[in-house]
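First the structure, in the form of structure tokens, and then the observations on it.
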Amino acid sequence: MLSKSTNVFWHENHVLRADREARQGHPTAVIWFTGLSGSGKSTLANELDWRLFERGVSSYVLDGDNIRHGLNGDLGFSPEARTENIRRIGEVAKLFADAGTIAITAFISPYREDRDKVRALLDRDEDFLEVFVEAPLEVCEERDPKGLYKKARSGEIPEFTGISAPYEAPLSPEIVVNTSSDDVATCVDRIIDVLAERGYLPAE
Ligand code: ADP
């Protein structure tokens, strides 16, 4: 068991977040994708990242599988481990926003309470943009891009979201995209439109 550290003090950075945002020419935020496995979070997050990069916006994708290889390699998929997974990612996303970069996260993040805690963790209300990537379970299962649903159905993977573990859809997400009715470009256009409306993009 890792023990809690004592005698640790918080240091304020001399360069403030606002200074970094002013130099970047855009405010930062956390764009938090949530949805079932195979709903399209990674695909949309990476396409959005590319579109922002092309416009000179500083952004970075934190992706489920990659984080679970490294930072969260010690965590499984029990409810407690999922909660800790999201807590750490929230903290990392906050650091990215502080560092002048828009953090784009692509995690199932099945529990509403865990997502709301990340929202509460951030400095400003407008820092958290929740994007609900909506697609019916049947569509996600049909896509099964990593063959995970097949394994979940056969019992090889226990506690699989949508099959043997719950998914709690957001109640009032800032953005909803439906990947079973709209293609990737349409979904990303919709997100870009909201970012532009809310002042996250520098003038073209
Ligand atoms: P997740 O990260 O949610 O597990 P992925 O992005 O890895 O999902 O996989 C989604 C799959 O669905 C990909 O194979 C992608 O090509 C496909 N797909 C079809 N239509 C869309 C869409 N509109 N948006 C995102 N992905 C889509």
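Here are the numbers for this structure:
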read-out: Mean shadow area of segment 4-67, taken as a quarter of the surface of its Cα convex hull (nm²); value: 6.9 nm²
read-out: Full-stretch length increase - GLU126, PHE53 - with 0.36 nm per residue and alpha-carbon distance subtracted; value: 24.1 nm
read-out: Mean ellipticity per residue at 222 nm, deg cm²/dmol - from DSSP H runs of n ≥ 4 across the chain, formula -39500 (n - 2.57); value: -12500 deg cm²/dmol
read-out: Relative packing of peptides 124-133, 31-40 - highest average C-beta neighbours within 10 Å first; value: 31-40, 124-133
read-out: Accessible area expressed per residue, the chain, with surrounding protein chains retained (probe 1.4 Å, Å²); value: 56 Å²
read-out: Gyration tensor over alpha-carbon atoms, segment 61-192, equivalent ellipsoid semi-axes in Å; value: 24, 20, 13
read-out: Burial order of peptide ranges 94-100, 136-142, 179-185 (average beta-carbon count within 10 Å, highest first); value: 94-100, 136-142, 179-185
read-out: Karplus (6.51, -1.76, 1.60) ³J(HN,Hα), θ = phi - 60°, over segment 63-70, in Hz, Gly and Pro reported as x; value: 10, x, 5, 5, 5, 6, 6, x
read-out: Carbon + sulfur, % of accessible area of the chain - ligands and nucleic acids excluded, 1.4 Å; value: 52 percent
read-out: Sorted peptide list for 107-116, 145-154, 11-20, criterion being average Cβ within 10 angstrom, highest first; value: 107-116, 145-154, 11-20
read-out: Euclidean distance of C-alpha centroids, segment 71-85 and segment 104-152, integer Å; value: 15 Å
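The values are calculated or read from the model by the stated rules, or taken from the named source; none is laboratory data. Predicted model only: the values in this text are computed from it and were never measured. Positions of Cβ are backbone-derived with ideal geometry, glycine not excepted, and every protein chain shown enters the neighbour counts. Surface areas here come from the heavy atoms of the whole protein model, side chains and all, with no ligands, DNA or RNA. Shrake-Rupley method; radii C 1.70, N 1.55, O 1.52, S 1.80 Å.
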